[in-house]
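The values are calculated or read from the model by the stated rules, or taken from the named source; none is laboratory data. Bear in mind that the values here come from a model prediction, so they are computed numbers and not experimental data. Using ideal geometry, Cβ is built from the backbone for each residue, glycine included, and neighbour counts are taken over all protein chains shown.
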Amino acid sequence: KEVLLEVDQLSIQFQLKNGKEAKVVEDVNFTIHKGETVALVGESGSGKSITSLAIMRLLPIPPGEITAGSIALNGKNLLAYKQKEMSRIRGNEISMIFQEPMTSLDPVFTIGNQMIEGIRRHQKVSRKEAWKKALLLLQEVGIANAEKVIAEYPHQLSGGMRQRVMIAIAMSNNPQLLIADEPTTALDVTVQAQILKLMLKMKKDHQSAILFITHDMSVVAETADRVMVMYAGQIVEEAPVRELFLNPQHPYTTALLKTMPSLDSDVKRLPSIPGTVPPAYALPDGCRFAPRCPHAMAHCHVEQPAIHYIQEAHKVRCHLFTEKGELAHDGERSFA
Ligand code: SF4
Ligand code: MG
């Protein structure tokens, strides 16, 4: 498969007001192929959104700083682009949808006017043609009364409808990559399922790839081809979705999977992982998960684990594995 996006050894630091430095992303490597859906999963504060903002070149710099690495789209390093060149890529080759559409929709313009502006920024079409395109897109995202909605203001729509509109806007210039940052988190469960289904349909129809950012493993199961698990600024495990669910290797991944609702239980409140993600200005010396890890060994607290390959497409950052990807300690395979 053809490589679309390549993030190579990306490190991002923030200068805090108190003079401290926060390593919010460290040595992050991943590839997204054309048409692929890749999930970036982890608790809040793990660096997922910062990574996506860096791809869009929307990081506030300063206080943010990309201290190392490159981000290449179709082989071209986005970090070398001027902001003006980037504005031709944003909303066009890469577009993004967020958890709360109200933050990216302009309250004073109608849906139609916002869509037309977005289309005409990247395509040489008349207002009338752009209007027609906008109407078709609204129909495509399942809005039945598109003629009415196109003339409405964002506050007149429900949360689910607003997210449909956002998807229509995001897809309006046929992006090669759609970055979706917790797009369904604010919606109720039924609407959530509809929006996920819609995103996958739009991705297929427009032949886009998706980088899906979420903290929710059930969303991952329903959407992703491949999964990257992020913890405290690092990717700690990566595998094809089936492999990750059937054969999770990192203790953090196992813990995340336990937070998923199971079909046969009627437990409403799910167990969360004890403890919290360490703040990026006070990271542990060794493995960043060590303070919460039930399998932590003495050297986990002093030495950072390197990435080991379990299989060609399955890698894990943990001391339980040797360089060859074999278990370093007998009897530790079953983490459950
Ligand atoms: Fe746990 Fe050690 Fe692996 Fe970190 S390196 S996840 S502390 S076993
Ligand atoms: Mg986030």
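Restricting to helices (runs of 4 or more DSSP H) lying wholly in segment 203-320: which have 1 or more residues that are β-branched (Val, Ile, Thr), within 16 Å of ligand 1 (Cβ to nearest atom) and at pLDDT 95 or above? Quick ask: steps written out before the conclusion?
Working: elements: 217-223, 241-246, 251-258.
Ranges flagged: 251-258.
Looking for whichever is away from ligand 2 (no atom under 16 Å from the Cβ), at pLDDT 95 or above and farther than 22 Å from Ser11 by Cα here; the options are Ile71, Ile111, Ile94. Which one fits?
Ile111
Picking from Ala130, Ala134, Ala146, which residue would you name as being without any contact (Cβ under 8 Å) to a residue 12 or more places away in the chain and not charged (D, E, K, R)?
Ala146
Tell me the residue from Val236, Val165 that is more than 28 Å from Asp8 (Cβ to Cβ), touching a helix residue (DSSP H, G or I) at 6+ places or on another chain (Cβ under 6 Å), hydrophobic (A, V, I, L, M, F, W, C) and touching a residue at least 60 places away in the same chain (Cβ under 8 Å), please.
So the residue among Val236, Val165 that is more than 28 Å from Asp8 (Cβ to Cβ), touching a helix residue (DSSP H, G or I) at 6+ places or on another chain (Cβ under 6 Å), hydrophobic (A, V, I, L, M, F, W, C) and touching a residue at least 60 places away in the same chain (Cβ under 8 Å) is Val165.
Does Glu26 qualify as being of a type in the set (Asp, Glu) and within 16 Å of ligand 2 (Cβ to nearest atom)?
no
Inspect segment 39-62 for any residue being closer than 21 Å to Met96 by Cα, away from ligand 2 (no atom under 15 Å from the Cβ), touching a strand residue (DSSP E or B) at 6+ places or on another chain (Cβ under 8 Å) and of a type in the set (A, V, I, L, M) and give the result as yes or no.
Among the residues of segment 39-62, not one is closer than 21 Å to Met96 by Cα, away from ligand 2 (no atom under 15 Å from the Cβ), touching a strand residue (DSSP E or B) at 6+ places or on another chain (Cβ under 8 Å) and of a type in the set (A, V, I, L, M), which makes the answer no.
Condition (residue is within 16 Å of ligand 2 (Cβ to nearest atom), of a type in the set (Val, Ile, Thr) and in contact with a helix residue (DSSP H, G or I) (Cβ under 9 Å, 6 or more places away or on another chain)) applied to segment 256-277: is it met by at least one residue? Full working, then the answer.
Step one: filter segment 256-277 for residues within 16 Å of ligand 2 (Cβ to nearest atom), giving 256, 276-277.
Retained after the next criterion (residues that are of a type in the set (Val, Ile, Thr)): 276-277.
Next, only the ones that are in contact with a helix residue (DSSP H, G or I) (Cβ under 9 Å, 6 or more places away or on another chain) stay: 276-277.
Yes, that holds for at least one residue.
Can you spot a residue in segment 60-67 that is in contact with a Ser or Thr (Cβ under 6 Å, 6 or more places away or on another chain), more than 16 Å from ligand 1 (Cβ to nearest atom) and within 20 Å of Phe14 (Cβ to Cβ)? Working first, answer last.
Start the filter on segment 60-67 by keeping residues that are in contact with a Ser or Thr (Cβ under 6 Å, 6 or more places away or on another chain), which leaves 67.
Now drop any that are not more than 16 Å from ligand 1 (Cβ to nearest atom), which leaves 67.
Filter once more, keeping what is within 20 Å of Phe14 (Cβ to Cβ): 67.
Yes, segment 60-67 contains a residue that is in contact with a Ser or Thr (Cβ under 6 Å, 6 or more places away or on another chain), more than 16 Å from ligand 1 (Cβ to nearest atom) and within 20 Å of Phe14 (Cβ to Cβ).
Tell me the residue from Gly91, Gly47, Gly69 that is touching a Pro at 6+ places or on another chain (Cβ under 9 Å), surrounded by 15 or more Cβ atoms within 10 Å (Cβ to Cβ) and at positive phi, please.
Just one listed residue meets the conditions, Gly91.
Taking segment 97-116 as the region of interest, how many residues are exposed (fewer than 15 other Cβ atoms within 10 Å of the Cβ) and not hydrophobic (A, V, I, L, M, F, W, C)?
3
Ser52: of a type in the set (Ser, Thr, Tyr), surrounded by 18 or more Cβ atoms within 10 Å (Cβ to Cβ) and either over 15 Å from Val7 (Cβ atoms) or away from ligand 1 (no atom under 16 Å from the Cβ) (or both), yes or no?
On the way: of a type in the set (Ser, Thr, Tyr): yes; surrounded by 18 or more Cβ atoms within 10 Å (Cβ to Cβ): yes; either over 15 Å from Val7 (Cβ atoms) or away from ligand 1 (no atom under 16 Å from the Cβ) (or both): yes.
Here the answer is yes, as Ser52 does meet what is asked.
Which ranges mark the helices (runs of 4 or more DSSP H) fully within segment 92-190 that have 1 or more residues being of a type in the set (A, V, I, L, M, F, W, C) and under 20 Å from the mean Cα position of the chain (by Cα)?
Those helices (runs of 4 or more DSSP H) span 159-171.
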